[in-house]
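Each reported figure results from applying straightforward, stated rules to the coordinates on display, with no laboratory input. In this text, all values refer to a predicted model and were calculated from it rather than measured experimentally. All Cβ positions, even for glycine, are placed from backbone atoms using ideal geometry, and neighbour counts span all protein chains on display.
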Amino acid sequence: MKLTQSFLTLFLIFLLFFVPSASAQSTLPFDVDAAAAVLLDYDSGQILYNKNGSDARIPASLVKVMTMFIALDHLASGAIDLQDTAKVSELAWRMTGSQMFLEVDEVVTIEQLLYGISVVSGNDACVALAEALAGSVDVFVEWMNSKAATLGLGNTRFVDVHGLSEENRITAVDMANLARTYIRTHPEALQYHREKSFAYQPRSAKQPIVQYNRNGLLSSYEGADGLKTGHLSAAGYNLVATAKQGERRLIAVVLGGKSERGREAVASELLDYGFKQFDLVDTRKLTSDTTVKVFKGRKRSVGVVAAEPLITVPQGTATGLEVSVQLKNMTAPVARGENVGALTVWYEGKVIKQTPLLAVEEVPVGGFWRVLWDSIVLFVRNVVRRP
């Protein structure tokens, strides 16, 4: 099937044994015992459950997900190495709350600090890492806020690297999207977050101090392999949890839970709901023969692929999904991966997903006669369209 008219919309109706995403429903299927909660499908990026997900709240130690994100960015770029070392400052040593139990002037590796942050939520480890990478905590916090802006987390604000301040802010939706991007960018992060314990021996200690991950789902929920807990009196009990069962991964965010067990119960309820009630539909078969017309190019058209082709839909009922493909007429050169349109999926008149359509290959500028002829065609079209 070839679609060549500018902004042409193609309607495709197909039968599936699914109903639409919960994001298209007007009411929630159940309530949870937390101030805010969100369930996100990792593969499709769709929100399957949302309770007060846009309310800005205190993240507490969930801040450390961004601290880890920045550190793993530096590792990926080659700016640092896992065996590089940091010297512990007095500022790091004086940190209160959860600690790795670093001592002044100790030398620790970046790898030790990453485990100290992800497993035992060490506030001292966060400061030591920030100072090692950025030279100061303030500069590192600037990096965190810049990263949040780049990721489109508009309701997020960081004032420290560890989450002790009540001035930090994030929404459940932003936290879920941050976690998703974090894992997609750095899948190796889960090797730190899935660890159930971490041992560190301070210089003055006679034996290692063993501490345990506060994320109880690592032991109690099938497929759980992350991500982070947080607690402050003003915030309540927070948890961002992720689990993978089969080929599917889900992310649950709980903000303002009543207790450690309470936040885990809510996260388990959300994950159960996602795994048992939803499936994925792949839309790539719907666009496999779709092409976009290209003017002035070596090729007359280029194929397309959805940026996020998977759609999350609940199980159990046979129904139809309405799919619209909207395309642009392109002018060469066209880059591989360039936005050439949009794929929109509806159910009963409500949009359940929209994703960009991207060019599957590069189309360079064509020869002189191709460019001349298409220039004439475009000129005539523009004249004809004038009122």
Where does helix 260-277 land angle-wise versus the long Cα axis of the chain, in degrees 0 to 90, nearest 10? 20
Need the full-extension length gain, GLU166 to ASP55, defined as separation in residues times 0.36 nm minus the C-alpha distance. One decimal, nm. 38.5 nm
Value of relative contact order over the stretch 34-257, rounded to a whole percent, pairs C-alpha under 8 Å and six or more apart: 27
Between the residues LEU372, VAL340, GLN207, the Cα farthest towards the positive end of the dipole of the chain, that dipole coming from +1 and -1 charges on the beta-carbon of Lys, Arg, Asp and Glu, is from LEU372
How big is the C-alpha Rg of the chain next to the rule-of-thumb value 2.2 N^0.38 Å, as a ratio? 1.17
The stretch 359-387-the stretch 198-212 distance, computed between alpha-carbon centres (Å): 69
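Using only the alpha carbon atoms of the stretch 112-269, find the Kirkwood hydrodynamic radius as the inverse mean reciprocal pair distance, in angstroms to one decimal.
16.4
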Past 22 Å, Cα to Cα: identify those pairs from LYS293/LYS350; LYS196/LYS228; LYS64/LYS87; LYS296/LYS328, in the order given. LYS293/LYS350
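For Cα pairs less than 8 Å apart in space and 6+ apart in sequence, what is the mean separation divided by the residue count of the chain, i.e. the relative contact order in percent?
Computed over the chain, the figure is 22 percent.
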What aspartates and glutamates does LYS299 reach when the alpha-carbon gap must be under 15 Å and sequence neighbours fewer than 8 apart in one chain are set aside? GLU361, GLU362, ASP374
Can you give the charge dipole size of the stretch 34-257 about its Cα centre, rounded to the nearest 20 debye, using +1 on the beta carbon of Lys and Arg and -1 on the beta carbon of Asp and Glu? 640
For the chain, take the longest principal axis of its alpha carbons; what is the angle in degrees between that and the long axis of helix 63-77, to the nearest 10 within 0 to 90? 70
Residue (of VAL104, LEU190, LEU72) at the positive-pole extreme of the stretch 34-257, dipole from beta-carbon charges: LEU190
Per-residue [θ]222 nm for the chain (sum of -39500 (n - 2.57) over DSSP H runs n ≥ 4, rounded to 500): -9000 deg cm²/dmol
Can you give me the angle between helix 172-185 and the longest principal axis of the chain, using Cα atoms only, in degrees from 0 to 90, rounded to the nearest 10? 80
Sort 63-70, 105-112 by the packing proxy (mean of other Cβ within 10 Å over each peptide's residues), most packed first. 63-70, 105-112
